[in-house]
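Here the structure is laid out as C-alpha cells; the discussion comes afterwards.
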Amino acid sequence: MWDFRVGEALGLMFKTLPFIWLRLAVYFGITLAYLLVTGMGAGIGWAIGGMGDDGFRASSVFWGGFAGFGIVGAVMYFLREYILYIVKAGHIAVLVELIDKRPMPEGRNQITHATAVVKERFGQASVLFAIDQLIKGAVRAITGLFRGLFGLLPIPGVQQAMRLFEAFLRVAVGFIDEVILAYAIRTRSDNAWEASREALILYGQNYKTMLKNAAWLVVFIYGLSFLVFLVMLGPAAFVAYLVPGGWSATGVIIALLLAWSVKSALLEPFAVTCMMQAFFKAIEGQEPDPEWEAKLERMSRKFRDLKSKGLTAKQATPVVQEPEGAV
C-alpha cells in the first residue's frame with residue numbers, strides 16, 4: 001500500500017517536541033495575528049460606518065476587516081523565507097538525524113543544533129528559499145509526466161478528472177519539496193544546489209513510488225484537516241459573534257484559519273516525515289541516472305537553473321592544496 005511506517009513516524013514526531021511546540025507557537029501566532037488585526041480593522045470600519053446608514057456600516061466593517069487581513073497577509077509574505085529557514089528546514093534537520101539514528105551533539109538543544117546545521121548547509125535564508133522555489137518548479141515538471149499520460153486516455157469525462165488530478169498534484173508537491181531539502185541535509189554536502197539536483201534526479205527515478213505515497217498522505221492529512229475544521233466551527237462562531245458587525249462568513253474563515261494552523265503545525269511535519277521514510281527507502285543503493293538527468297534538463301528550466309547554480313557554487317569553492325612534502 002505505502003512505504004512509510006506510521007508508528008515510527010509518530011515516534012519521531014514525539015522525539016522532536018521542541019520543534020512541535022515551536023511550530024504550534026508560530027502557526028497559532030499567525031492565526032492569532034490574523035484574528036486580532038482583522039478584528040481591529042472591522043472595529044475601525046464599524047466606527048467609521050456610524051457616520052452613515054446600515055448599508056454603509058456593513059460595507060465599512062467588511063472593508064476594514066479585509067484591510068486588516070491583507071496587512072497580515074503582506075507581512076507573512078515577507079516572513080515566508082524565515083519560516084522556511086528556521087521552522088521547516090530546522091525541523092527537517094533534526095528528523096534526518098533521528099531517522100539515521102545519530103545522537104544530538106552534547107550541550108546543544110534541538111533548535112540550536114538545527115539552526116547551525118541549516119546555516120552550514122544553506123547559508124542565508126534567501127539561498128534556501130531560492131533552492132526551494134527551483135525544487136518546486138522541477139518537481140512540477142516531473143508530475144507533468146502523469147498529467148500528459150492521463151490526458152491521452154480516451155475516457156469520457158477525462159478533462160474533469162484531470163482538474164481533480166492536477167489539484168492533487170499541487171498538494172502532493174508540497175510534501176515532496178521538503179524531502180528534497182532533507183536529502184541535501186542528509187548528504188552533508190557543502191553544495192546545497194548540487195545535492196538538491198541529485199535528489200531531484202533520484203526523485204524522478206522513483207516518481208511513481210513517491211506519488212503513490214503522497215496520494216495516501218494527501219487523503220489522510222486533508223481528511224483530518226476537514227475534521228479539525230468541523231470541530232473548530234463551534235468556537236469560531238462564538239469568536240465571530242464578538243466581532244463588531246460580524247458577517248456570516250466570519251465563523252467559517254476563523255475555522256479555516258484554525259484548521260490551517262493544526263495542519264501546518266502537526267499534520268504537515270508528520271506527512272513530511274512519512275515521505276522522508278519512503279524516499280530514503282526508495283533510493284537506497286541507487287545512483288543518479290544520467291538518462292533522467294537529461295530528461296529533466298529537457299523538461300524543466302528550473303532544473304537547468306539549479307544545475308547551473310550548483311556548477312557556479314562548485315567553481316567558487318576554494319580548493320585546499322596540501323603543503324609540499326605532505327604524504
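The values are calculated or read from the model by the stated rules, or taken from the named source; none is laboratory data. Note that this is a predicted model, so its numbers are computed, not measured. No Cβ is skipped: glycine too gets one built from the backbone with ideal geometry, and neighbour counts run over all protein chains shown. Surface areas here come from the heavy atoms of the whole protein model, side chains and all, with no ligands, DNA or RNA. Shrake-Rupley method; radii C 1.70, N 1.55, O 1.52, S 1.80 Å.
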Check your understanding: Using Cα-only point scatterers and the Debye equation, what is log10 of I(q)/I(0) for segment 72-126 at each q in 0.20, 0.22, 0.27 Å⁻¹, rounded to two decimals?
Key -> -0.71, -0.80, -1.04
Study note, to complete from the structure: The rounded separation in angstrom of the Cα centers of segment 265-279 and segment 203-221 is 11 Å
Review point. Which FRET efficiency value, to the nearest 0.05, do you get for residue 233 and residue 115 by plugging their Cβ-Cβ distance into 1/(1 + (r/R0)^6) with R0 = 30 Å?
Key: 0.20
Revision key, fill the gap. Here the FRET efficiency for residue 188 versus residue 59, based on Cβ atoms and R0 = 56 Å and rounded to 0.05, is 0.45
**Study point:** Sequence of 69, 270 from largest to smallest accessible area, 1.4 Å probe
**Key:** 69, 270
Review point. List the aspartates and glutamates whose alpha-carbon lies under 20 Å from that of residue 208, not counting same-chain residues fewer than 8 positions away?
Key: 3, 166, 177, 178, 198, 284, 287, 289, 291, 293, 297
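Determine the share of segment 1-122's accessible area contributed by carbon and sulfur atoms, expressed in whole percent, with a 1.4 angstrom probe.
C and S atoms contribute 71 percent here.
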Point to revise | Solvent-accessible surface (1.4 angstrom probe) belonging to residue 113, in square angstrom, nearest 10 | key: 10 Å²
Point to revise | residue 24-residue 126 pseudo-label distance in nm [points 7 Å out on the Cα-to-Cβ vector] | key: 3.6 nm
**Study point:** Exposure ranking of 8, 293, 97 by accessible area [1.4 Å probe, largest first]
**Key:** 8, 293, 97
Review point. Which of the lysines could a cross-linker bridge to residue 101, judged by Cα under 21 Å and excluding same-chain residues fewer than eight apart?
Key: 15, 88, 281
Review point. So, with +1 on the Cβ of K and R and -1 on the Cβ of D and E, and no other charges, what is the size of the charge dipole of segment 1-151 about its Cα centre, to the nearest 20 debye?
Key: 360 debye
Review point. What FRET efficiency do you get for residue 36 and residue 220 if R0 is 51 Å and r is their Cβ-Cβ distance, rounded to the nearest 0.05?
Key: 0.95
Exercise for review: Give, rounded to the nearest 20 debye, the magnitude of the charge dipole that segment 52-117 has about its Cα centre when Lys and Arg contribute +1 at Cβ and Asp and Glu contribute -1 at Cβ.
Suggested key: 240 debye
Exercise for review: Could you tell me whether segment 259-311 comes out rounded, prolate or oblate from its Cα gyration tensor? Rule is a ≥ b ≥ c as square roots of the eigenvalues, rounded for a/c under 1.5, then prolate if a/b exceeds b/c, otherwise oblate.
Suggested key: oblate
